[in-house]
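Accompanying notes for the structure given below.
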Amino acid sequence: MLVSIIIPSYNHRNYIAQAIESVLNQSWSPIDLIVIDDGSTDGSPEVIEQLLHERGGFRFVARENRGLLKTLNEGLALARGEFFCELASDDYFPPESLGKRVRYLLEHRDCVAVFGDGFKIVNEAVVSPSLLEMKHRQMLLSSNPIPEMLKGNLPVFSTGLIRRDALLQIGGFDDQTFRYYEDLDTPILLALQGPLGFVDTQVICRREHETNVSRSTNHVRVEKVLCYQKFLSDPRFAEHRGLLRMRLRRSLLALGRYLANTGKRSKREVAAMQLGWKFAWYDVGLLCHLLKIRFSRSGNCLD
C-alpha cells in the first residue's frame with residue numbers, strides 16, 4: 001500500500017534534512033513523499049534542493065507563503081497514496097513509524113485513521129517517552145470519542161495515519177476557517193466518518209523549541225473560538241450543543257483575558273470576540289471584555 005507523507009516546510013533549515021531523511025529511511029515501502037516549502041526565508045529551500053539532488057526519492061515544491069492549512073491541502077491534492085500523513089519540518093519519524101501504522105490500518109479495515117504516541121525532544125535529547133496523558137489514551141480507546149474530543153482531549157495529530165479517501169470525504173483541511181491549526185476540527189470530523197484506532201507506541205519524535213507554532217497560544221485561542229462556532233453551526237453535532245456552547249463561552253473568556261492583558265488585538269481576534277454577545281447577558285466577565293473592545297479605539301488593531 002502506497003503511503004503519502006507531506007512535509008510542510010517553513011523556516012526550519014536546521015531540522016528539515018533530518019525530517020526528510022527519517023521518511024526516506026523508513027522500512028515501509030512504497031512511499032510518496034512530498035515536501036512543500038511555504039515561503040521560507042532562512043535558506044530551507046536550498047537545503048531541500050541539495051538533498052533532492054543527492055538522494056532523490058521525493059517531490060519538492062517551493063513557492064510563496066500561503067500558510068499551513070493551504071499547504072496541507074496542496075499536498076493532499078498531490079498525494080497518490082491510499083494512506084496520508086503529515087510530518088512537521090522540525091520533527092522526524094523513528095524507525096518503523098510508518099510500518100506500525102500501516103499494518104494497523106490493514107488489520108482494522110473499519111478504522112478511518114490510526115493515532116499513536118511519540119517522544120518529546122528538547123535540544124536533541126529525549127526528555128519524555130510519551131506525548132499523551134491518560135485521558136488521551138482513554139479517549140482513543142473509547143467506542144465514542146467525540147464527546148471527549150469536543151472537550152479538548154484530542155489526539156496528537158502528527159501521530160496520525162489517515163485513509164486518504166476519508167480525509168477527502170470531509171473536504172480536506174478547512175483553510176477558510178483556520179490559518180495555523182489543522183488538529184482542532186479534523187480528527188473530530190474524521191471520527192464522524194468511522195472508528196479511530198490507536199497504536200500504543202512512539203511513531204514520531206516531536207521537538208519542542210521557542211519557534212514551535214504549537215507554542216503560540218495567541219493563535220490557538222482565536223482558532224478554538226472559530227472551531228466551536230463551526231461545530232455549533234453543524235447539525236451533526238446537535239446532541240452536543242450544550243457542551244459546545246460551554247466550550248465556546250470558555251474559549252471566548254480566555255481570548256478576552258488575553259486581549260485585555262496584552263492591550264493588543266488583531267481584526268480577526270476582534271471579529272471572533274463578537275460571537276460572545278450571545279452569552280454576555282449572563283456572563284459578566286465576558287460582557288466586560290466585549291465592552292472594552294467596543295469602546296476602545298479601533299486604531300489598536302494590529303491588522
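List of remarks:
- Considering the conditions (1) assigned to a helix (DSSP H, G or I); (2) open to solvent by less than 10 Å² (accessible area, probe 1.4 Å), residue 81 is excluded by exactly one of them, (1).
- Output for the range 220-250, where each listed residue is of a type in the set (Ser, Thr, Tyr) and outside any helix (DSSP H, G or I): 233
- Residues in the range 64-81 include at least one that is of a type in the set (Gly, Ala, Ser), within 21 Å of the chain's Cα centre (by Cα) and over 25 Å from residue 223 (Cβ atoms).
- Screening residue 198 on (1) among the aromatic types (Phe, Trp, Tyr); (2) part of a strand (DSSP E or B); (3) more than 24 Å from residue 131 (Cα to Cα) shows it passes everything except condition (3).
- Residue satisfying all of: in the range 158-214; in contact (Cβ under 8 Å) with a residue 24 or more places away in the chain and of a type in the set (Gly, Ala, Ser); nearest to residue 19 (Cα to Cα) among these: 158
- Every residue from the range 94-103 that is under 14 Å from residue 82 (Cα atoms) and touching a strand residue (DSSP E or B) at 6+ places or on another chain (Cβ under 7 Å): 98, 101, 102
- In the condition set (1) at pLDDT 95 or above; (2) in contact with a strand residue (DSSP E or B) (Cβ under 9 Å, 6 or more places away or on another chain); (3) closer than 28 Å to residue 122 by Cα; (4) open to solvent by less than 40 Å² (accessible area, probe 1.4 Å), residue 182 is compliant with all but (1).
- Residue in the range 206-219 that is modelled with the highest pLDDT, counting only those that are outside any loop (DSSP other than H, G, I, E, B) and surrounded by fewer than 20 Cβ atoms within 10 Å (Cβ to Cβ): 219
- Test set (1) in contact with a helix residue (DSSP H, G or I) (Cβ under 9 Å, 6 or more places away or on another chain); (2) crowded, with 20+ Cβ neighbours inside 10 Å; (3) within 30 Å of residue 130 (Cβ to Cβ) - residue 259 fails condition number: (3)
- When the criteria are applied in full, residue 251 meets the requirement of being over 19 Å from residue 176 (Cα atoms) and among the polar types (S, T, N, Q).
- Meets criteria (farther than 14 Å from residue 114 by Cβ, modelled with pLDDT of 95 or more, open to solvent by less than 20 Å² (accessible area, probe 1.4 Å) and not charged (D, E, K, R)) for residue 188: yes
- If the condition is being among the basic types (Lys, Arg), touching a residue at least 60 places away in the same chain (Cβ under 8 Å) and part of a helix (DSSP H, G or I), then the range 84-121 contributes 100, 101.
- Residues in the range 267-274 include none that are part of a strand (DSSP E or B) and either at pLDDT below 95 or open to solvent by 50 Å² or more (accessible area, probe 1.4 Å) (or both).
The values are calculated or read from the model by the stated rules, or taken from the named source; none is laboratory data. Quantities reported herein were computed from a predicted structural model and do not represent experimental measurements. All Cβ positions, glycine included, derive from the backbone under ideal geometry; neighbour counts span all protein chains shown. Just so you know, the surface numbers come from the protein's heavy atoms only, side chains and all, with ligands and any DNA or RNA stripped out. Shrake-Rupley method; radii C 1.70, N 1.55, O 1.52, S 1.80 Å.
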